[in-house]
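Enquirer: Once you've had a glance at the structure underneath, I'll fire off some questions.
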Amino acid sequence: DFIGAQRREFRFASRFRALSARPEGRLDREIEQGFPHLPSGCVIQLERVALHRVLENVRESVRLLRPRMVGGLRELASYLGHVPTVEEAMDYFDTSLDELLKRGLWSRLLADAGLVGPPTDPDENRLAKGLRRVAHVECADQIRHWFAILDGGNRDETLEEMLHVSLWGQDSKGWSLNDASARLQKNPAAMDDLRSVLQYRIQHAPTHPAGKVPSVAGPLTIHAPYTRDEILVGLGHWSLEHRPDQREGVLHIPRTKVDAFFVTLQKTDDDYSPTTMYEDYLISHDQFHWQSQSSTSVDSPTGQRYLRHRILGYTPLLFVRETKSLPSGLTAPYYFLGPCEYLSHQGSRPISIVWRLLHAVPARLFRAMARQNVS
């Protein structure tokens, strides 16, 4: 109930974020568009004056200018009696993790607020961007391995390469794993910030992961989010030193007999050509409609590999994201929906295939993905 004027200190933003299925999204746009990402069965209606007042309040609260954040952190520390954690700052500012990290290293913000000493990391700006690229991590097992890597414990080389390929981006192409590790060790503030981000993420990680299929997908956890680069490393197709071009939406790996499908549900004319506007959507918790490339016919070797994958010993793997980019401007990660099996198909050039997912999509992902169903 938004009837009546509220005090300016009252914050609507946290209330709306708690209701939204996409709390990381641009809240003002969610309100303007009529709250398209509410949980199933929920609706919010605002009359004209209330809408104006709520939007004004939300835009004021989410306008996190750096000077305001620095002053706010100083006030928060005084109130708490200790240096704020990442989660405490997010709650105080009613913001998302990425919005917080957009302002640079967390340790730099704390230093500017006079709460810690200034960082002297040689790669501060580069790693500030890299921390945003790894902050999507949700798999508790992956986070624990990354903690072990930071603390000099047992190393899973694939998971370590996944960490570094996201932290350093294209700058690390051609580096060895030891090169990347030694470079990171020279940036202690960024390492502490990474620990802070991982600590927040492990506290909010799903408690019942769907498991892994290490024979075909390495360390990737089903229903966890990964960037394209992390996926390519996890599948054994990429390493820090060797990164062959991968631009298409399908990756064929003959060595492990894998076909990996990269799907973006919401396609725009700006990002996709008319020949790549495929009809991809979730039909149910365990069925997915997918279209092959427009040049793939039923009788082609590629088409036969899809339709007869069981006989040929191939495993199709499905990676799905809602949009190409997040509201913050970062490239959106894909959710690994796991291995799937052929159910039926129609047409040719492209082939429309219905896959059966071997692991049902959980409700938290189904709500977003099923919404894109265009049938």
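The values are calculated or read from the model by the stated rules, or taken from the named source; none is laboratory data. Predicted, not measured: the structure shown is a model, and the values here were computed from it. Note that we place each Cβ from the backbone using ideal geometry, even for glycine, and neighbour counts take in every protein chain shown. All accessible areas refer to the heavy atoms of the entire protein, side chains included, with ligands and DNA or RNA removed. Shrake-Rupley method; radii C 1.70, N 1.55, O 1.52, S 1.80 Å.
Enquirer: Taking the criterion of being touching a helix residue (DSSP H, G or I) at 6+ places or on another chain (Cβ under 9 Å), open to solvent by 50 Å² or more (accessible area, probe 1.4 Å) and either small (Gly, Ala, Ser) or at pLDDT below 75 (or both), would at least one residue in segment 33-42 satisfy it?
Expert: Looking for residues that are touching a helix residue (DSSP H, G or I) at 6+ places or on another chain (Cβ under 9 Å), open to solvent by 50 Å² or more (accessible area, probe 1.4 Å) and either small (Gly, Ala, Ser) or at pLDDT below 75 (or both), one finds at least one in segment 33-42, hence yes.
Enquirer: Now for a different question. Can you report the number of residues in segment 84-115 which are open to solvent by 60 Å² or more (accessible area, probe 1.4 Å) and of a type in the set (A, V, I, L, M, F, W, C)?
Expert: 0
Let's see how each residue does on (1) over 18 Å from the mean Cα position of the chain (by Cα); (2) surrounded by 17 or more Cβ atoms within 10 Å (Cβ to Cβ); (3) assigned to a loop (DSSP other than H, G, I, E, B):
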residue	(1), (2), (3)
GLY130	no, yes, no
GLY174	yes, no, yes
ALA180	yes, yes, no
ARG183	yes, yes, no
ALA189	yes, yes, no
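Enquirer: For segment 296-346, give me each residue that is outside any loop (DSSP other than H, G, I, E, B) and basic (Lys, Arg).
Expert: ARG305, ARG310, ARG321
Enquirer: Out of all the residues in segment 109-128, which are over 26 Å from the mean Cα position of the chain (by Cα) and among the hydrophobic types (A, V, I, L, M, F, W, C)?
Expert: ALA111, ALA113, LEU115, VAL116
Enquirer: Restricting attention to segment 262-290, which residues are crowded, with 16+ Cβ neighbours inside 10 Å, closer than 18 Å to ARG349 by Cβ and at pLDDT 70 or above?
Expert: Residues satisfying the conditions are ASP280, HIS289, TRP290.
Enquirer: Turning to a different aspect of this structure: Please go through segment 348-375 and give me each residue that is part of a loop (DSSP other than H, G, I, E, B) and either open to solvent by 50 Å² or more (accessible area, probe 1.4 Å) or under 14 Å from LEU265 (Cα atoms) (or both), ordered by number.
Expert: SER348, ARG349, LEU358, HIS359, ALA360, ARG371, GLN372, ASN373, VAL374, SER375
Enquirer: Among (1) surrounded by fewer than 18 Cβ atoms within 10 Å (Cβ to Cβ); (2) more than 17 Å from the chain's Cα centre (by Cα); (3) in a loop (DSSP other than H, G, I, E, B), where does SER215 come up short?
Expert: Only one criterion is unmet by SER215, namely (3).
Enquirer: Related question: Of everything in segment 236-251 that's within 12 Å of LEU317 (Cβ to Cβ) and without any contact (Cβ under 8 Å) to a residue 40 or more places away in the chain, which residue is least open to solvent (accessible area, probe 1.4 Å)? Before the answer, list the steps.
Expert: Our first condition is that a residue be within 12 Å of LEU317 (Cβ to Cβ); within segment 236-251, this holds for 237, 250-251.
Still in the running and without any contact (Cβ under 8 Å) to a residue 40 or more places away in the chain: 237, 251.
Numbers: HIS237: 48, LEU251: 5 Å².
Filtering segment 236-251 for residues that are within 12 Å of LEU317 (Cβ to Cβ) and without any contact (Cβ under 8 Å) to a residue 40 or more places away in the chain, the one least open to solvent (accessible area, probe 1.4 Å) comes out as LEU251.
Enquirer: List pairs: first residue in segment 167-186 and on the phi > 0 side of the Ramachandran plot, second residue in a helix (DSSP H, G or I) and open to solvent by less than 30 Å² (accessible area, probe 1.4 Å) anywhere in the structure, Cβ distance under 9 angstrom, at least six positions apart or on different chains.
Expert: GLY169/GLY130
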